[in-house]
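Each remark here refers to the structure printed beneath this line.
The values are calculated or read from the model by the stated rules, or taken from the named source; none is laboratory data. Because the structure is predicted, anything quoted here is derived from the model rather than measured. Cβ sites come from the backbone with ideal geometry, for glycine too, and all protein chains shown count toward neighbours. We work out accessible area using only protein heavy atoms, side chains counted, and drop any ligands, DNA or RNA first. Shrake-Rupley method; radii C 1.70, N 1.55, O 1.52, S 1.80 Å.
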Amino acid sequence: MAVSRRSARPRFTLVVLILASLTLITVDLRGGTSVLRVRGKARDAFSPVQSAVSSAVRPITDFFHGAFQYRQLKNDNARLRAQLAQLNAQQIQDQYLLQTNKDLTDLLKLDFVGDIPTVASRVIAGAESNFQLTIVIDRGTGAGVLKGMPVVAGNGLVGRVISTAANQSTVLLLTDPSASVGVEFAPSNAIGVATGQGSGHPLSVTLIDPAAVTPVGTVAVTSGLAGSPYPRGVPVGKVASDVADVGVQSHTVTISPVVDLSQLSYVDVLVWTPQTAAVPAKAAPPPKAGK
């Protein structure tokens, strides 16, 4: 019986509220000052119920509002990521174009080449194996490129051609451990041999005269001595360090390449070999005696 009474109270309260609402509507239609007093009392009576309903509904409202905001934030985040990716791609493309234009401009200013013919080439691939530091260019024997020819870029020496095909060639970079080049330092005219020490490392130099002076920053160029695979005067690098060896009258010299070998886009092949350099120019035939 107690349970049935407790369950009947909410229903009784609900009926009373409904009747009160109908009464307010009827009184409101009739108008009058008394309506305001009744409406005020009704508002006071309904206030606890309104607060309870509002408290009960607020979590549901907040849930749907939060779900909507989450979807909105997710969409905004995806849109921002797409815009950022587009900007990054544009920046990479701009950097590539700037580097390409710089490479092409540098190739037009090869003052150290002199009158040696060149074959402009584009780098189409990096190292073909893990055992050698090489690049592949898009010119071969069809363009007059031969094995052993030097390869340069805007600032100086890159390496030399080690294999050719009709339409492409492989170039050994001067930083490869198997690569070596005779160098000369100005203004002391000290001579030595620079050997590659691997990608990202300076070249190690063995000086002919251990007592020669090679201050840091001194420029080293190809010596072009007899039998050298490179013509004289091509910039190779700058002295990065010159450290005296302990206990002996010598010092260890390293040079950093003047060409950034990791950013090559275009290079020039010098149509030059030790054989062509050794061939003397043909003398002009003597003029024919006048008749």
**Prompt:** Among the listed residues V152, V161, which satisfies the condition of being more than 27 Å from the chain's Cα centre (by Cα) and β-branched (V, I, T)?
**Reply:** V161
**Prompt:** Taking the condition without any contact (Cβ under 8 Å) to a residue 60 or more places away in the chain, surrounded by 15 or more Cβ atoms within 10 Å (Cβ to Cβ) and of a type outside the set (S, T, N, Q), does V213 pass?
**Reply:** no
**Message:** Being among the β-branched types (V, I, T) and free of Cβ contacts under 8 Å to residues at least 40 places away in the same chain is the filter here; which residues of segment 144-171 pass it?
**Reply:** I162, T164
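Results for (1) touching a His at 6+ places or on another chain (Cβ under 6 Å); (2) open to solvent by less than 70 Å² (accessible area, probe 1.4 Å); (3) in contact (Cβ under 8 Å) with a residue 60 or more places away in the chain; (4) of a type in the set (G, A, S), shown as yes or no for each residue.
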position: L173; (1), (2), (3), (4): no, yes, yes, no
position: V181; (1), (2), (3), (4): no, yes, no, no
position: P187; (1), (2), (3), (4): no, no, no, no
position: G192; (1), (2), (3), (4): no, yes, yes, yes
position: S199; (1), (2), (3), (4): no, no, yes, yes
position: T218; (1), (2), (3), (4): no, yes, no, no
position: T222; (1), (2), (3), (4): no, yes, yes, no
position: P229; (1), (2), (3), (4): no, yes, yes, no
position: P235; (1), (2), (3), (4): no, yes, yes, no
**Asked** When you scan segment 242-268, how many residues do you find that are open to solvent by 50 Å² or more (accessible area, probe 1.4 Å), aliphatic (A, V, I, L, M) and outside any loop (DSSP other than H, G, I, E, B)?
**Response** 2
**Message:** What's the number of the only condition in (1) out of contact with any Gly (no Cβ under 7 Å at 6 or more places or on another chain); (2) open to solvent by less than 40 Å² (accessible area, probe 1.4 Å); (3) at pLDDT below 95; (4) within 15 Å of L264 (Cβ to Cβ) that V113 fails to meet?
**Reply:** (4)
**Request:** Could you tell me whether segment 140-158 includes any residue that is open to solvent by 40 Å² or more (accessible area, probe 1.4 Å), more than 15 Å from Y266 (Cα to Cα) and either in contact with a Cys (Cβ under 7 Å, 6 or more places away or on another chain) or among the charged types (D, E, K, R) (or both)?
**Result:** yes
**Asked** What about P285, is it modelled with pLDDT under 90 and open to solvent by 80 Å² or more (accessible area, probe 1.4 Å)?
**Response** yes
